[in-house]
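J.: One structure, pasted below without further comment.
FYI, it's all coordinate maths here, none of it is from the lab. Quantities reported herein were computed from a predicted structural model and do not represent experimental measurements. Reconstructed Cβ throughout: ideal geometry from the backbone, glycine too, with neighbour counts over all protein chains shown.
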Protein chains: 6
Amino acid sequence: MVKLTQSFEFAASHRLNCANLSESENRSLFGKCNYPHGHGHNYILEVTLQGEPNDSTGGVVDLPFLDCVVRERVIEPFDHRNLNVECPEFSEVNPTVENIARAIWQRLSGAFSNCQLASVRVWETAKTCAEYSGE
Amino acid sequence: MVKLTQSFEFAASHRLNCANLSESENRSLFGKCNYPHGHGHNYILEVTLQGEPNDSTGGVVDLPFLDCVVRERVIEPFDHRNLNVECPEFSEVNPTVENIARAIWQRLSGAFSNCQLASVRVWETAKTCAEYSGE
Amino acid sequence: MVKLTQSFEFAASHRLNCANLSESENRSLFGKCNYPHGHGHNYILEVTLQGEPNDSTGGVVDLPFLDCVVRERVIEPFDHRNLNVECPEFSEVNPTVENIARAIWQRLSGAFSNCQLASVRVWETAKTCAEYSGE
Amino acid sequence: MVKLTQSFEFAASHRLNCANLSESENRSLFGKCNYPHGHGHNYILEVTLQGEPNDSTGGVVDLPFLDCVVRERVIEPFDHRNLNVECPEFSEVNPTVENIARAIWQRLSGAFSNCQLASVRVWETAKTCAEYSGE
Amino acid sequence: MVKLTQSFEFAASHRLNCANLSESENRSLFGKCNYPHGHGHNYILEVTLQGEPNDSTGGVVDLPFLDCVVRERVIEPFDHRNLNVECPEFSEVNPTVENIARAIWQRLSGAFSNCQLASVRVWETAKTCAEYSGE
Amino acid sequence: MVKLTQSFEFAASHRLNCANLSESENRSLFGKCNYPHGHGHNYILEVTLQGEPNDSTGGVVDLPFLDCVVRERVIEPFDHRNLNVECPEFSEVNPTVENIARAIWQRLSGAFSNCQLASVRVWETAKTCAEYSGE
């Protein structure tokens, strides 16, 4: 079994806020991430697949197919979007980097037949990242 | 003369749109950057000062002072903000990376007495950057 | 379960030397790392926590709390310090990157209640890193 | 148990092509990677070892020894080489990043006595990497 | 005047060799870069343009146009190519990073009407780069 | 004229302190950089040369020669050293990043005959850098 990781990028805006908390509780809990007009990040997405390299091609996955799947299911709907407003996963759920990783896992799981989705890592900044492995 | 460069970061959202153009012209001109709900970036700001290192301290500038000036004049008003809505420079001017670099230059010029502001560089993504040197 | 990784930096000096070896044995074993006056590095610390994102906030951990814990327990005592002289862990133990990773794990373990410390990674240079997961 | 990772670099050329496929099938499958005259990459190799840090030295492995092993077994035969032509592993097997990771694992396994080879990661570009852990 | 820099990547193979020198002189002069079967790199290209940001759009250049020009004139003919064999500039000239930077300048000069080509930088590895500014 | 930049690394310890100031003045001026036992950094050195690429070799400089000069004049005396104690330039001058850049320029100037030393850049951390161009 070999793991193959491919990176992607998307730029999006978001805001952290809990509807059931007061304005001052939200400000206290999320700090600048709660500023009312939102902010944004250059997200880095690392998708890791795992499987046996194909005897003939030598690849765990057909890279153009992987690229196509991720662009269609994640980059197109997330890139240059306001995550809270335009992505249904985050209409009532905070678009934290943890929840973004889980949402991307949901969008990608089931797409691959000869290899397995092993993990999804999302970097919100160069210093903060979340990883989800489906369990 | 030695040049001293210090990097800073801020995360902000923005949208590119010209008020005097139609919706389809804006979409054609700015592509995804014109999506109506905005998006965002992790901006990297590199401030370069130039001067003679102080004979005693060995520094071109007092770094805590530089840090304080940039935080007060740029990071506080730009970080976790919607540039179009919350920064007066961009109420009628597109917050392109070029214009952001010039706006930051304006905010910093005049702040330093024993050294000169040499350039302001702003990276919007890891691949795109603008530099302004005041001329 | 989601893993959340946050990066930190500290600059420190150290020297590798075994008290029970001769001067020439130490020089042969550690090379330049044994030079008598010490040297230093910009260390990068990656702390990984693991847990269920909170249903309300969407976070595995309260990030300002994580930041506070790591600053108080690791950054304050290690940053701009001579590890051999100023950190009790290394009074009789070599401050190799492996031992630094274990010492930081010890300092952080037990600090988190709703999530678990999953791993501590320390980069001594851009090319060398140690990871400890508590076992 | 602590994991110690050391990075190495090599620059090599290669070409992806399956002898049992037609020219147009190969072009369709591998795209630009099938161009007849080959191309190349700056490969980054991350070798991870795992073990108990030595009580006296504090290291999982003697770093100059690790360096020597990797240079002799991998860097010397792969660096500035045409992988298809000059490396026997790839005389009949495609030098994909997955197969390169497995080939390097084979070259390194068995070289270490007081610690274990834990994984081999190879970055072909800044966006694509393969990891092999021997199973 | 603002400078706008955009980065691009291409992967190519090459070999350094002077036709008028003997085999041993070439090996002595170029070392591993003279190995007979060639090797390769992930090249990073940074194109810098300079001009007044457009009053209406706020850009020094239309970024999709810049992208199109560089892809057509440089990336398409250089990416996944053997520079010595497939690029006419290097049929009799060594494809050093210095000469690659000059060749790219020649390919791009004259393409821009409302701004000027300011410099072309080419990184052959993370440690070596050449810059050409047309003089 | 083409500029050729080559990067080097060295790890060193240092301490900022002015002999003619009191202990509290030094602490106030330099903060953590004044801690009595010193600290350290992974310094990145970028040496830029400028000249006409040689008609035959295609290089601005013979890279192994450049490498040899920088290793002999800078890396050997600075790497894994305590700059205050072991480098004569800093026996009475603060080893700030600005002064380190100037000291390296002095050590390298005059070493190149067919090209010119154009600039010396020193990164003390990933966020702070000094550049000296000899004027």
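J.: Where the centre of each part is set by its Cα atoms, how far does region A:1-71 sit from region E:48-103, in angstrom?
T.: 31
J.: Could you give each residue of region C:79-88 its phi-based ³J(HN,Hα) in whole Hz, using Karplus coefficients 6.51, -1.76, 1.60 with θ = phi - 60°, and x for Gly or Pro?
T.: Listing the rounded values in order: 6, 6, 10, 8, 4, 4, 8, 9, 10, x Hz.
J.: Could you give the spread of the C-alpha atoms of region A:1-42 along their three principal axes, from largest to smallest, in whole angstroms?
T.: Result for region A:1-42: principal-axis Cα extents of 49, 22, 15 Å.
J.: Work out the FRET efficiency for residue C:55 and residue B:109 from their Cβ-Cβ distance, taking R0 = 41 Å, and round it to the nearest 0.05.
T.: So, using R0 = 41 Å, E works out to roughly 0.25.
J.: Okay, moving on. Apply the Karplus curve 6.51 cos²θ - 1.76 cosθ + 1.60, θ = phi - 60°, to the phi angles in region D:124-135 and return the couplings in whole Hz, x for Gly and Pro.
T.: Rounded to whole hertz, the list is 8, 9, 5, 10, 10, 9, 10, 10, 10, 10, x, 10.
J.: What residues qualify as long-range amide H neighbours of residue B:81, i.e. H under 5 Å apart, gap of 5 or more or another chain, H built at 1.01 Å from N?
T.: Distant-sequence amide H within range of residue B:81: B:13.
J.: When Lys and Arg each count +1 and Asp and Glu each count -1, what net charge do the other residues less than 13 Å away from residue A:44, Cβ to Cβ, add up to?
T.: -1
J.: For peptide A:105-112, how many partner chain Cβ atoms fall within 10 Å of a residue's Cβ, on average?
T.: 0
J.: While we're looking at this one, here's another question. Which of the lysines could be linked to residue C:127 by a straight reach, that is with a Cα gap under 20 Å, when you skip same-chain ones fewer than 8 residues away?
T.: Within reach: A:127, C:32, D:3, D:127, E:127, F:127.
J.: Go ahead and collect, in residue order, the members of region F:98-125 whose backbone nitrogen is under 17 Å from a label point 7 Å along the Cα-Cβ direction of residue A:126.
T.: F:122-125
J.: Could you work out the relative contact order of region A:69-135, using alpha carbon pairs under 8 angstrom and six or more residues apart, expressed as a whole percent?
T.: This gives 29 percent for region A:69-135.
J.: Further question on the same structure: Size of region E:86-135 along its principal axes in angstrom, Cα-based, largest extent first?
T.: 32, 27, 19
J.: Against the globular-protein guess of 2.2 N^0.38 Å, express the Cα radius of gyration of the protein assembly as shown as a ratio, rounded to two decimals.
T.: Here the Cα radius of gyration is 0.95 times the empirical estimate.
J.: Another question, if that's okay. For the pair residue E:9/residue E:37, report the inter-label distance in nm, with labels modelled 7 Å from Cα in the Cβ direction.
T.: With each label point 7 Å from Cα toward Cβ, the separation is 2.5 nm.
J.: When 1/r is averaged over all different Cα pairs and the result inverted, which Kirkwood radius in Å belongs to region F:1-88? Walk me through the intermediate numbers first.
T.: Details: mean 1/r = 0.0643 Å⁻¹.
Every distinct Cα pair counted, the radius reaches 15.5 Å.
J.: Would you grab the residues whose amide H sits under 5 Å from the one on residue B:93? Only those 5+ places off in sequence or on another chain, please, with H modelled 1.01 Å from N.
T.: For residue B:93, no residues qualify.
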